[in-house]
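What follows is one structure encoded as structure tokens, with my remarks underneath.
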Amino acid sequence: MKKIYIIITTLTIIFSFNLAVAGEKVKLNNNSAVITNNIPESDVIALTVFLKGGLFAETKKNNGIGTLFSDVWLKSSDLMNKVEFYGGNIDAGVSNDFFEFEISMLKEDFTKILPHLKKLFNDPDLNSDIFAREKGLLIKEIISLEDHPNRVAMQKFGEVTYGNFPYGLSTLGDKDAVESLTLDDLKAYYRNNFAGGNAVVSLAGNYTEVVKSKVTNIFNNLPEKPNNKIDCTGSGISNEIYKEETYPRIKQSKLYTAYEAPGASSDDYLATKVLSEIMGGGMSSYYFNILRQEKGYAYAVGAFYPSRICSSRFVSFIGLDYSNVKNAIDDIKDINKNATKMISDDDVEKAKNYMLGRILTESQSTQKRSWYAAFFENLGLGYDYFDQYIENLKKVSLKDVKEASENLFNKPTTTFVLKPEE
């Protein structure tokens, strides 16, 4: 372990010495936020666009419209074929808090696709034949989820822990809702969401001022509208919830126990990230050592804590025999309750160094630099938060982690069990 610690610490020093993700930000006349980060050493130009809203732009009646729109929107355009012809990458989709578009390609080819990018965002075509095809494919994909118990468990857990709050919706969609969607619904989705007040645009790489100006003009042509409203009311856990559901295609149960966790703007955000790594981040975590090694409950065990604008969840998960579920729940809660007594300075330092090594290695790509700037700006933390994230993560102390633990593990929980048929 000592050698690994030294290597990661060395990487942290090297990366933090030369990494600058943020660049500059300007607000356009239509309230679009455009972030630019010129990286002279890069041979790639990357563009990331976040449109505020994500699942907040959907309801149970149209759940899946964002995913269907993203597929039809891209595949109806010439841009997708052009980017792939030049060997670039392009993608779009929906997450909890945003609609996302990404493109990256060699800098010498990027100017060749700009007219198609302008068409895609300012005057898109939504082909009726492509709509019919993609709608059918999406319905089949939703149905096929039944063959993937992990995805079934996660979706049902989300519904239980968030209830009617938008985070409880599926990013993929609901079968009945998708079946009811029309091409006119997708056109309305474009009009309602593709607005300057919703857009965060991040351009990174070795671009020219001409490219920067053309990209800026594309997004300045979006209509100015009020921001999509994100109301966090109802995103918390108000009382203890326990639910089981039978699933015929598994032999072992899947158990999720969740605590209401802070949104990304909370002072406890980074300390809770460190806590998640300590408790369930790998083979040195407390969950692994106690629930797997000592108790012998399961092979798969861990924790996760997603970054969200509204209340997130700190989730302990484990796959195990149903006969052990009740004891495992008690043990998980007992471990969490005693976390402040168990966690040491050494735990905190190891977790921080692992997290720093991982994120700094990942963020060396131009695409990731572009993405992180848009991601943190959309969360409301600021386009330059990535650099602060690294410095603030280094400063997280044992005291901070213990306080985050006390704030977290004294709250009601949501527990969901997907169990096999008896």
key: Which numbered condition Ile241 fails, given (1) in contact with a Lys or Arg (Cβ under 9 Å, 6 or more places away or on another chain); (2) more than 24 Å from Phe386 (Cβ to Cβ); (3) surrounded by 15 or more Cβ atoms within 10 Å (Cβ to Cβ)   = (1)
query = Does the range 49-72 contain any residue that is out of contact with any Phe, Trp or Tyr (no Cβ under 8 Å at 6 or more places or on another chain), within 13 Å of His116 (Cβ to Cβ) and in a helix (DSSP H, G or I)?
reply = no
query = Can Met154 be described as assigned to a strand (DSSP E or B) and outside the structural domain of Ser365 (by TED's automatic domain parsing)?
reply = no
key: Meets criteria (of a type outside the set (S, T, N, Q) and in the same structural domain as Ser32 (by TED's automatic domain parsing)) for Val215   = yes
request  = Could you tell me whether Tyr259 is buried (at least 19 other Cβ atoms within 10 Å of the Cβ), in contact (Cβ under 8 Å) with a residue 40 or more places away in the chain and either outside the structural domain of Phe99 (by TED's automatic domain parsing) or of a type in the set (D, E, K, R) (or both)?
outcome  = yes
remark   = Just one listed residue, out of Ile343, Ile318, is within 15 Å of Leu418 (Cβ to Cβ) and among the hydrophobic types (A, V, I, L, M, F, W, C), and it is Ile318
message = Filter the range 273-288 down to the residues that are crowded, with 23+ Cβ neighbours inside 10 Å and polar (S, T, N, Q) and list them by number.
response = Ser276
task = Give the residue, chosen from Val211, Val178, Val160, that is over 26 Å from the mean Cα position of the chain (by Cα), assigned to a helix (DSSP H, G or I) and crowded, with 17+ Cβ neighbours inside 10 Å.
result = Val211
query = Can you name the number of the only condition in (1) touching a Leu at 6+ places or on another chain (Cβ under 9 Å); (2) hydroxyl-bearing (Ser, Thr, Tyr); (3) outside any loop (DSSP other than H, G, I, E, B) that Ser77 fails?
reply = (3)
request  = Give the residue that is surrounded by the most Cβ atoms within 10 Å (Cβ to Cβ), with candidates limited to residues of the range 326-356 that are among the polar types (S, T, N, Q) and under 17 Å from Asn407 (Cα atoms).
outcome  = Asn336
remark   = With criteria (1) over 21 Å from the mean Cα position of the chain (by Cα); (2) surrounded by 18 or more Cβ atoms within 10 Å (Cβ to Cβ); (3) assigned to a loop (DSSP other than H, G, I, E, B), Asn96 comes up short on (1)
ask   = What is the number of the single condition among (1) touching a strand residue (DSSP E or B) at 6+ places or on another chain (Cβ under 7 Å); (2) surrounded by 15 or more Cβ atoms within 10 Å (Cβ to Cβ) that Lys225 does not meet?
value = (1)
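The values are calculated or read from the model by the stated rules, or taken from the named source; none is laboratory data. This structure is a prediction, so every number in the text was calculated from the model and none was measured. No Cβ is skipped: glycine too gets one built from the backbone with ideal geometry, and neighbour counts run over all protein chains shown.
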